[in-house]
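Structure first, then comments.
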Amino acid sequence: MRLLRKTDILLIAILAVIPVCMLAFNMLSAMNHTETKLVIVKDGEIYGTYRLTEDRIIEIGATNTCEIRDGEVKMTHADCPDQICVHSVPINRYGGTIVCLPNRIILSIEGAEDTKDTDTPDAVAR
Amino acid sequence: MNVMKRPPYRGGTTTKTAYLGLFMALAILMGYVEAIIPIQMPMPGMKLGLPNLVIASILYLYSWKEAVIISSLRVIVIGFLFGNMFSIAYGLPGAVISLLVMAILKRTDIFGIVGVSAAGGTAHNMAQTAVAFFIVKGFPVVWYLPVLMIAGLIAGTLIGLADALIIPRINPLTHLK
């Protein structure tokens, strides 16, 4: 029996090209965003947006706590059993996300150009 | 010819039951081995999927029916023993969909076990991303999907390569092309 057929290599190559293209597209769009902010989404609704420049600790409901320090965001506490979000790598640039699946909380860093342009009070941490 | 497509005769029902029980135990053991690996992956869903060594073997030694049953059962058992309810909720759709993809690809007879397993690993993580998308509103699919697809592809390829070496040795009767 042959270990590897030619069609296998072809299939693996095709399956590799698709996500690599998606990643390249994401990287390109990330380069257009230099100003960033932290957006916390809980149960599908925006819980709050925060500047990355000031250090602070944010309690998200009763279940999770996250911390902004030196422009990096990490989840410091979660009451779920798997603790995957707490062990996630801290995020600091556009597109970075930490997800707590059990508590349905998403921390993500998004572009902040909109708030900068319109200069709304929304840019101030709530 | 249709007869040639059928898996080779491997004893009666009792033998089959005994062997499938053995495979089941092996899959659970693989789940345990994976649970005690201390390396923390940067993203949820990124893992080697060692139990799939056994599941893909069953797919080739028996048929997709046996593989689906054993695969679903091991996700539940491993979830209760070493995981939690969430690992079952996310693992079960991934396991079933990846097996169906593998069964279909195997049936076309275009790809070998490495290609089938690689596609299965990718499909597994795509299914899990889909579950997350439906459960968590606003889940950042565009960032998670490509990374998890690559992770699944690598894991599936490695599992397939290992199985290509394992299957002929554990059952010399199996005719793999």
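For the stretch A:1-17, give me each residue that is at the interface with chain B (Cβ under 7 Å from one of its Cβ atoms) and open to solvent by 80 Å² or more (accessible area, probe 1.4 Å).
The first filter runs over the stretch A:1-17 and keeps only residues at the interface with chain B (Cβ under 7 Å from one of its Cβ atoms), leaving A:1-5, A:7-8, A:11-12, A:15-16.
Correct list: A:Met1, A:Arg2.
Please enumerate the residues belonging to the stretch A:89-108 that are under 8 Å from the mean Cα position of the chain (by Cα) and facing another protein chain (nearest Cβ under 7 Å). Scanning the stretch A:89-108 gives A:Gly95, A:Thr97, A:Val99, A:Ile106, A:Ser108.
Looking at the stretch B:158-173, which of the residues that are facing another protein chain (nearest Cβ under 9 Å) and open to solvent by less than 30 Å² (accessible area, probe 1.4 Å) is modelled with the highest pLDDT? Of everything passing the filter in the stretch B:158-173, B:Gly160 is modelled with the highest pLDDT.
Being in contact with a strand residue (DSSP E or B) (Cβ under 7 Å, 6 or more places away or on another chain) and either facing chain A (nearest Cβ under 8 Å) or open to solvent by 70 Å² or more (accessible area, probe 1.4 Å) (or both) is not true of B:Phe80.
Among the residues of the stretch A:80-99, not a single one is at pLDDT 90 or above, touching an Asp or Glu at 6+ places or on another chain (Cβ under 6 Å) and surrounded by fewer than 17 Cβ atoms within 10 Å (Cβ to Cβ).
Screening the stretch A:46-67 for residues that are at negative phi and outside any strand (DSSP E or B) and picking the one that is surrounded by the most Cβ atoms within 10 Å (Cβ to Cβ) gives A:Leu52.
Checking each residue in the stretch A:34-45 for being surrounded by 12 or more Cβ atoms within 10 Å (Cβ to Cβ) and closer than 21 Å to B:Lys137 by Cα picks out A:Lys37, A:Leu38, A:Val39, A:Ile40, A:Val41, A:Lys42, A:Asp43.
Scan the stretch B:122-144 residue by residue and report those that are aliphatic (A, V, I, L, M) and either open to solvent by less than 30 Å² (accessible area, probe 1.4 Å) or not in a helix (DSSP H, G or I) (or both). Listed by number, the residues that qualify are B:Ala123, B:Ala127, B:Val131, B:Ala132, B:Val136.
The values are calculated or read from the model by the stated rules, or taken from the named source; none is laboratory data. Note that the structure is predicted; figures quoted are calculated from it, not measured. Don't worry about glycine lacking a Cβ; one is built from the backbone with ideal geometry, like all the others, and counts go over all protein chains shown. With ligands, DNA and RNA removed, areas are computed over all heavy atoms of the protein, side chains included. Shrake-Rupley method; radii C 1.70, N 1.55, O 1.52, S 1.80 Å.
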